[in-house]
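Visitor: I am attaching a structure below and will ask some questions about it afterwards.
Every read-out reported here was derived from the displayed coordinates using simple, explicitly stated rules and does not represent laboratory data. These figures come from a predicted structure and were not determined experimentally. Cβ atoms come from the backbone with ideal geometry, glycine included; neighbour counts cover every protein chain shown.
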């Protein structure tokens, strides 16, 4: 088995390694250190937690042991996706370079530019930075990258997820072509492979199998969660998380709760604080000072629950974590192994619990396929302890089941049912009914004429009974009688009122022109009754 003493490292570096308690290198260290010391480019594919930080820090310190940096011109550059990972690389550098006189500078966001400019002006051998802050210093004219001899890109796949690939390409263009490049990534996406083919020259490929199984000392479990209603899914899921935390009791000394989104990290942390839990969030949108205080408090035991996202917690070395809670099933199966690897370290016992929604069952299947093991299903403590009366009822008074309907849906449905067309039809139906109940204008006119005829003295009455005195004939019969020639009519039947004859002639003409009898031309089928009434009354005047 290879030992560090066989890797041709600087004696002072070996002394620091021995003082740290390490004798045997990990597979990625044994494969990456020899070609790096030879000056070759290295492409390392390894999961986080495999020791690749020492895999590039140790040869970099050995190569930089001789020489001195000039002002604003660092001799080596290490790029990291997050501030926490960059700070962890800086700690490793301090550990292994304590016997070598090398200087370093940490360029990350959330820290004053003035302090960082002071370090750069003095000249640094190792510059550890995040891509955004590095470009900020360069654009302000405070940094020159033309003297970089060794460039390291750590966690390249996370930089791809965070959108740093264009910045990485720009930084590559600012460094000399003769530099040595050490490139590390957990996966080889097409975009990352394109960068390696462009900027690496005949690299030594060192690939370590991904960690596809968790430690045997970690007890795993998953709760299959199904919300009672869609609008209550988030609150019920947070309630379930609190129930899982309470169920562990004194066994839980500290825990990390992982969420897929930064927004959920804030919401879960705020909810736990509201219910009296000692919790704090950590993600990329927080100030660096707050993130540092939160992480230090969790490491020192002052904070019990750390609510984190994958990006912020990736690569963090937090010892003695008793529990890990996956509030969400990770989208990438490899992240599950990385998350639960925070507990059960160094032979300790740990426990990892996960909440799975119905929509996350496919991701759960991917996780089980990766670890080649079925995760134990745990009963939902909320549904098991909830009384039957507390469950929402879906039955109406008639006993038939009906779906729960939100208040807003019922309102919108009532508005949509009351459409203008239906309101207009309802008004027309009401007017037609009123018109049927109201006496027709023609009948009223006939009754008036009958009353007038009865008021004439008997001496002035014609010998033959007038048509009005006869039983009321139909409208069509009266029209046929009026349409006969005047000569064929009896002389005694001629009405005295010439206006009525003109009116009957007008009705006949309108009927021949296409009129429809009682309907007033141009008013349509749904003419209100009061309009027809007014026309008929004016005719009788």
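Visitor: Quick check: pseudo-label points 7 Å beyond the Cα along Cα→Cβ at residue 373 and residue 178, how many nm apart are they?
Guide: Result: 5.2 nm between the two label points.
Visitor: Also, quick follow-up: Just order 102-111, 336-345, 245-254, 231-240 by mean Cβ neighbour count inside 10 Å, highest at the front, would you?
Guide: 336-345, 102-111, 231-240, 245-254
Visitor: Let me ask you something else. Compute the length gained on full extension between residue 8 and residue 251: take 0.36 nm times their separation in residues and subtract their Cα-Cα distance, giving the result in nm to one decimal.
Guide: 82.9 nm
Visitor: Figure the gain on full extension for residue 91 and residue 122 (residue separation times 0.36 nm, minus the Cα-Cα span) and round it to one decimal in nm.
Guide: Full extension from residue 91 to residue 122 adds 9.1 nm.
Visitor: Sort 144-156, 362-374, 89-101 by packing, meaning the average of other beta carbons within 10 Å per residue, with the highest value first.
Guide: Ranking the peptides 144-156, 362-374, 89-101 by packing returns 144-156, 89-101, 362-374.
Visitor: Compactness ratio of region 4-207: Cα Rg over 2.2 N^0.38 Å, N = residue count?
Guide: Rounded to two decimals, the normalised Rg is 0.95.
Visitor: Which FRET efficiency value, to the nearest 0.05, is calculated for residue 217 and residue 361 with the Förster distance at 25 angstrom and r the Cβ-Cβ distance?
Guide: With R0 = 25 Å, the Cβ-Cβ based efficiency is 0.40.
Visitor: Using Cβ counts within 10 Å as a stand-in for footprinting exposure, how do 258, 184, 4, 177 rank, fewest first?
Guide: Fewest-to-most Cβ neighbours within 10 Å comes out as 177, 4, 184, 258.
Visitor: Residue separation times 0.36 nm, minus the C-alpha to C-alpha distance between residue 289 and residue 233: what's the value?
Guide: 16.8 nm
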